[in-house]
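For reference, the structure is listed below as structure tokens.
The values are calculated or read from the model by the stated rules, or taken from the named source; none is laboratory data. Note that the structure is predicted; figures quoted are calculated from it, not measured. So basically every Cβ, Gly included, is an ideal-geometry build from the backbone, and we count neighbours across all protein chains shown.
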Amino acid sequence: MISYPRAELADHLIPALQGRAGFSDAHNGLFLAAPRRTGKSTFLQRDLRPALERAGVVVVYVDLWADTARDPGALIAAAIGAALQPQLGAVAQAVKKAGVEKIKVAGWLEIDTSRIGRIDGLTLVDALRALHETAGRPVALIVDEAQHALTSEAGENAMSALKSARDQMNGGGEVNLMLVMSGSDRDKLLRLVNTAAAPFYGSQIQRMPPLGSDFIAYVAELIARQRPELRPVDTATLEAAFEAFGNRPQFFMEALGQVLSPLADLEGRFEPAVLAAAKQRQQDDEAQTESEYLALKPLEQAVLWRMLEQGPRFRPYDAETLKFYRAPTGGPVTAQRAQAALEALRQRTPPLVWKSARGEYALEDAAMHRWFEQRTADGRWPPQDPQHELDFAGGKPPDAPT
Ligand SMILES: Nc1ncnc2c1ncn2[C@@H]1O[C@H](COP(=O)(O)OP(=O)(O)OP(=O)(O)O)[C@@H](O)[C@H]1O
Ligand SMILES: [Mg+2]
């Protein structure tokens, strides 16, 4: 498997997180959004984490999707506990053996030795402070898929606790707690920062730069080295293919592997074949989304349509929205029915709709917005069920029994 290192991007973020970059607000929290499968987790774990460690920072990484059944606060606590354990190290082990029930950490914090590593008895603020003080170094907490915290009250509380820890630990111009939050949907991540009641009000969401031409140059170089007969590699076509794959390295590498395989019976160059695979994938993805949409009940379609059209302004039951639902469903729609439809969209596997603890709704997959915009721009909205069109024409569907 090929992994392209992104040390430069990571190194670039460090001074900002440390509060040493003039006009950056990252020391108050760095919020990074990028679409699904574009390499967020890989970057955070393989590039940002080691870069922070090189800069003398203790890093705690937690992925809130790792176990969606568990309370995000507990997941964060467990990750901090795991980082705290080696710091307490020998002392803790010794007292544990001696049967001592509590130890004092950093001169102020009493920890129940039976609970080290499971700091559920501790507040997140205390745990982070203990980690900072026992390590004697700044702490960075990286929360992957942070928007998931907003789906439960416990998660919201954890986010407020993190904000409070930040405010307590970063007083006096020193940055002792760096927070990095990532997510695959900008709109959902926005809810952490965009209202006065949001825990990180005032922070900005940044787009994590997608892999681009430097990644393609790296891959092309590898190909040229391993298969000299393929030189020169047409990087422009590969770049176009990568973009058509939505900057998702997994699909790109898979297609590349197929056309470069000794078993591939390929006529001509491999680059156009990768591009063709990317275009095919785009079409397949679109067809899949379309058939999913068409399989929904009319009211569910109408609700989804309204969400696609309104984006973050979506209000499920206001008068105008209820009026909107009428046309595609052919009759009046009550708020109760609309709510039932929203729930149905949320309960599907995989879910189409996401709901925050405050009852705000958003689409689960931001890629649907692109699909909608593309179709609207091409005048192909709403999607038509081919079966229905035939019905309208008065004829029988081709596969109907005679
Ligand atoms: N720098 C890279 N070089 C090569 N491949 C990469 C790189 N970054 C990510 N990938 C590949 O892309 C795929 C997705 O990566 P990753 O899981 O990091 O993305 P993600 O954005 O966190 O995805 P998700 O939205 O599912 O959480 C993986 O198969 C990974 O191996
Ligand atoms: Mg991820």
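For the stretch 17-54, a tally of residues being surrounded by fewer than 17 Cβ atoms within 10 Å (Cβ to Cβ), away from ligand 1 (no atom under 14 Å from the Cβ) and either at pLDDT 95 or above or outside the structural domain of residue 181 (by TED's automatic domain parsing) (or both) returns 2. With respect to residue 182, determine if the residue is within 25 Å of residue 36 (Cβ to Cβ), within 16 Å of ligand 1 (Cβ to nearest atom) and either in contact with a Phe, Trp or Tyr (Cβ under 7 Å, 6 or more places away or on another chain) or not in a helix (DSSP H, G or I) (or both). Here the answer is yes, as residue 182 does meet what is asked. What are the residues in the stretch 139-170 that are away from ligand 1 (no atom under 16 Å from the Cβ), over 14 Å from residue 356 (Cα atoms) and crowded, with 22+ Cβ neighbours inside 10 Å, if any? Matches in the stretch 139-170: 139, 140, 141, 158, 162, 165, 166.
Checking each residue in the stretch 244-296 for being in contact with a Ser or Thr (Cβ under 9 Å, 6 or more places away or on another chain), among the charged types (D, E, K, R) and in a loop (DSSP other than H, G, I, E, B) picks out 248, 269. Checked against (1) buried (at least 20 other Cβ atoms within 10 Å of the Cβ); (2) of a type in the set (Gly, Ala, Ser); (3) in contact with an Asp or Glu (Cβ under 7 Å, 6 or more places away or on another chain); (4) over 30 Å from residue 357 (Cα atoms), residue 241 meets all criteria but (3).
Among the residues of the stretch 35-45, is any under 18 Å from residue 128 (Cα atoms), within 16 Å of ligand 2 (Cβ to nearest atom) and out of contact with any Pro (no Cβ under 7 Å at 6 or more places or on another chain)?
Filtering the stretch 35-45 for residues under 18 Å from residue 128 (Cα atoms) gives none.
No, the conditions are met nowhere in the stretch 35-45.
Would you check if residue 56 is more than 12 Å from ligand 2 (Cβ to nearest atom) and in contact with a strand residue (DSSP E or B) (Cβ under 7 Å, 6 or more places away or on another chain)? No. Looking across the stretch 333-365, the residues that are surrounded by 18 or more Cβ atoms within 10 Å (Cβ to Cβ), within 25 Å of the chain's Cα centre (by Cα) and of a type in the set (A, V, I, L, M) come down to 342, 345, 352, 353, 362, 363. On inspection, residue 3 fails the criterion of being within 11 Å of ligand 1 (Cβ to nearest atom), under 15 Å from residue 147 (Cβ atoms) and not in a strand (DSSP E or B).
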